[in-house]
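What follows is a single structure, written as structure tokens, with notes after it.
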Amino acid sequence: MNVALAMTAACHGATVANHCEVIDLTKDEHGVVNGAKLKDMINGDEWTVKAKGVINATGPFSDGLRKMDDAQNLDIVAPSAGVHIILPNYYSPRNMGLLDPATSDGRVIFFLPWQGNTIAGTTDSPTEVTQNPIPKEDEINWILDEVSHYLSADVKVRRSDVLAAWSGIRPLVRDPHAKNTESLVRNHMINVSENKLITIAGGKWTTYRAMAEETVDRAIEVFNLKPKRACLTESTMLIGSEGYSSTMFIRLVQEFGMDTEVAQHLARSYGNRSWQVASIDDPTNSNWPKYGKRISPNYPYIEAEIRYTVRQELANTAVDVLARRTRLAFLNAEAALQSLPRVIEIMADELKWDDARKKEEYIKTTIFLGTMGLANDKVEQPSGN
């Protein structure tokens, strides 16, 4: 979804930069924020972008930018960790899930069919903000124990059944101006600092369009902008969704000779862009399927997606492909590791990587997969560690 939003914005005239970090904010002679200093986290380049105003929409990292604006700014994020695990598909029916809002200790548990597997979760505990949070073993075991309560007694829930496990950070927010500083805002909150840095924090995926509209409306007011038209979000479709139908995959099967699972995945993930993906695929040299060579035998992701995401979706690292363009790392950490050499080989061909960069990608990706549930003995360590 993040990629689809960025690409849709680019189609409407936005400039999108990937793998960039804000290292400082710039201000005018009155101390008002008027831009940012950026760093390319791949090649180390730094540059400054000037702006009429800056909007801080960085989720759990919001307070970091607020401190750049003013070190005295109060924290507004109360980060909470939520752990999810992936189990084999036999842990849930194909079209049915379960949610219990009252578990043994009062937390919520669910397990649902997802992407051909079963997703189960979740936990809710205070945490520190980190780039790649790691799920704790006791949290994984709590989920497994709770899941076992809903299954037949002859089904043994095993730790070895966990295909992937990850922790995400919920950016719960509190209003810094509220009298009760411990009270959390249930939805989202827009904050304008004294130096006119706008921060949008909190919220959830189901309200992202409302969040964006309200934030831009506030920016128009704070930055004295002169929009040429009213908000278009209600009628703006995400890239690829034009003309989508649930039977779109059939045409892919018929035109390219792909197996049904791959065609369904492409149609659901790329919509009308599926034909662009399929058109750059190499033949399998088999009678069937004729196109759609998988990067992992049990999942529908294909080699053409790697080339497409590099060319069209700004994928620059193997982690981008395995976790941020496809969902293989989230579904099965071991399968992601097994596909990694081929992913790197294709990306190296597209991006002209040398052997040193390929080795670096392998090490960095296995370290990342370690945060997704990959066994520690399979995580490659940098030289000297």
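Only one of GLU146, GLU137 is over 30 Å from HIS265 (Cα atoms), surrounded by 18 or more Cβ atoms within 10 Å (Cβ to Cβ) and in the same structural domain as SER167 (by TED's automatic domain parsing). Can you tell me which?
Numbers: GLU137 fails: surrounded by 18 or more Cβ atoms within 10 Å (Cβ to Cβ).
Exactly one of GLU146, GLU137 is over 30 Å from HIS265 (Cα atoms), surrounded by 18 or more Cβ atoms within 10 Å (Cβ to Cβ) and in the same structural domain as SER167 (by TED's automatic domain parsing), namely GLU146.
The set of residues from the range 244-272 being within 25 Å of the chain's Cα centre (by Cα) and under 20 Å from ILE295 (Cα atoms) comprises PHE249, GLU261, VAL262, ALA263, GLN264, HIS265, LEU266, ALA267, ARG268, SER269, TYR270.
What are the residues in the range 47-59 that are in contact with a Leu (Cβ under 7 Å, 6 or more places away or on another chain) and surrounded by fewer than 16 Cβ atoms within 10 Å (Cβ to Cβ), if any? Walk me through it before giving the result.
As a first pass, look at the range 47-59 and keep what is in contact with a Leu (Cβ under 7 Å, 6 or more places away or on another chain): 47, 49, 52, 54, 56, 58.
Those that are in contact with a Leu (Cβ under 7 Å, 6 or more places away or on another chain) and surrounded by fewer than 16 Cβ atoms within 10 Å (Cβ to Cβ): TRP47, VAL49, LYS52.
What number of residues within the range 337-385 are among the hydroxyl-bearing types (Ser, Thr, Tyr) and under 25 Å from ILE302 (Cβ atoms)? If you could, list the steps in order and put the result at the bottom.
First, pick out the residues of the range 337-385 that are among the hydroxyl-bearing types (Ser, Thr, Tyr): 339, 362, 365-366, 371, 383.
Subset that is under 25 Å from ILE302 (Cβ atoms): 339, 362, 365-366.
Going through the range 337-385 one residue at a time, the tally reaches 4.
For the range 93-107, the criterion of being in contact with a strand residue (DSSP E or B) (Cβ under 7 Å, 6 or more places away or on another chain) and buried (at least 17 other Cβ atoms within 10 Å of the Cβ) is met by no residue.
Here are SER80, SER62: which of them is modelled with pLDDT under 95, crowded, with 16+ Cβ neighbours inside 10 Å and either under 26 Å from the mean Cα position of the chain (by Cα) or in the same structural domain as MET372 (by TED's automatic domain parsing) (or both)? Every option except SER80 fails the conditions. Restricting attention to the range 289-300, does a residue exist that is among the aromatic types (Phe, Trp, Tyr), in contact with a helix residue (DSSP H, G or I) (Cβ under 9 Å, 6 or more places away or on another chain), free of Cβ contacts under 8 Å to residues at least 24 places away in the same chain and in the same structural domain as TRP353 (by TED's automatic domain parsing)? No, the conditions are met nowhere in the range 289-300.
Within the range 248-270, the set of residues being surrounded by fewer than 20 Cβ atoms within 10 Å (Cβ to Cβ) and within 17 Å of GLU313 (Cβ to Cβ) comprises ARG268, SER269. In the range 119-153, the residue that is modelled with the lowest pLDDT out of those that are in a loop (DSSP other than H, G, I, E, B) and within 19 Å of MET96 (Cβ to Cβ) is SER152.
Between ALA375, ALA348, which is over 16 Å from LEU163 (Cα atoms) and either without any contact (Cβ under 8 Å) to a residue 12 or more places away in the chain or out of contact with any Cys (no Cβ under 7 Å at 6 or more places or on another chain) (or both)? Give the steps one after another, and end with the answer.
Details: ALA375 fails: over 16 Å from LEU163 (Cα atoms).
Only one candidate passes the filter, namely ALA348.
Of all the listed residues (PRO88, PRO101), the sole one being in contact (Cβ under 8 Å) with a residue 60 or more places away in the chain and not assigned by TED's automatic domain parsing to the domain that holds ASN195 is PRO88.
For GLU214, the test of being at pLDDT 95 or above, in the same structural domain as MET68 (by TED's automatic domain parsing), more than 25 Å from ASN2 (Cβ to Cβ) and part of a helix (DSSP H, G or I) is failed.
In this entry, GLU221 is excluded by the filter for residues that are acidic (Asp, Glu), out of contact with any Pro (no Cβ under 9 Å at 6 or more places or on another chain), surrounded by fewer than 16 Cβ atoms within 10 Å (Cβ to Cβ) and touching a residue at least 24 places away in the same chain (Cβ under 8 Å). Quick check on my filter: what residues within the range 158-177 are assigned to a loop (DSSP other than H, G, I, E, B) and touching a residue at least 40 places away in the same chain (Cβ under 8 Å)? The answer is VAL162, LEU163, ASP175, PRO176.
For ALA71, the conditions (1) in a loop (DSSP other than H, G, I, E, B); (2) over 29 Å from GLY31 (Cα atoms) all hold with the exception of (2).
Can you tell me which residue within the range 1-40, out of those that are among the β-branched types (Val, Ile, Thr) and closer than 18 Å to ARG324 by Cβ, is surrounded by the fewest Cβ atoms within 10 Å (Cβ to Cβ)?
Here is the first cut: in the range 1-40, the ones among the β-branched types (Val, Ile, Thr) are 3, 8, 15-16, 22-23, 26, 32-33.
Imposing the further condition that a residue be closer than 18 Å to ARG324 by Cβ reduces the set to 3, 8, 16.
Numbers: VAL3: 18, THR8: 16, VAL16: 12.
Among residues in the range 1-40 that are among the β-branched types (Val, Ile, Thr) and closer than 18 Å to ARG324 by Cβ, the one surrounded by the fewest Cβ atoms within 10 Å (Cβ to Cβ) is VAL16.
Each row is one residue, and each column tells you yes or no for (1) closer than 18 Å to THR58 by Cβ; (2) crowded, with 19+ Cβ neighbours inside 10 Å; (3) under 26 Å from the mean Cα position of the chain (by Cα); (4) modelled with pLDDT under 85.
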position	(1), (2), (3), (4)
TRP166	no, yes, yes, no
ARG170	yes, no, yes, no
VAL173	yes, yes, yes, no
ALA178	no, no, no, yes
THR199	yes, yes, yes, no
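Scanning the range 5-62 for residues that are within 30 Å of PRO176 (Cβ to Cβ), in contact (Cβ under 8 Å) with a residue 40 or more places away in the chain and of a type outside the set (A, V, I, L, M) yields ASP24, LYS27, GLY31, LYS52, GLY53, ASN56, GLY59, PRO60, PHE61, SER62.
Quickly run through the range 315-338 and pick out the residues that are out of contact with any Ser or Thr (no Cβ under 8 Å at 6 or more places or on another chain) and in a helix (DSSP H, G or I). ALA323, ARG324, ALA329, PHE330, LEU331, ALA333, GLU334, listed by residue number.
The values are calculated or read from the model by the stated rules, or taken from the named source; none is laboratory data. These numbers were taken from a predicted model, which means no experiment stands behind them. Neighbour counts are summed over all protein chains in view; Cβ atoms, including those assigned to glycine, are modelled from backbone coordinates with ideal geometry.
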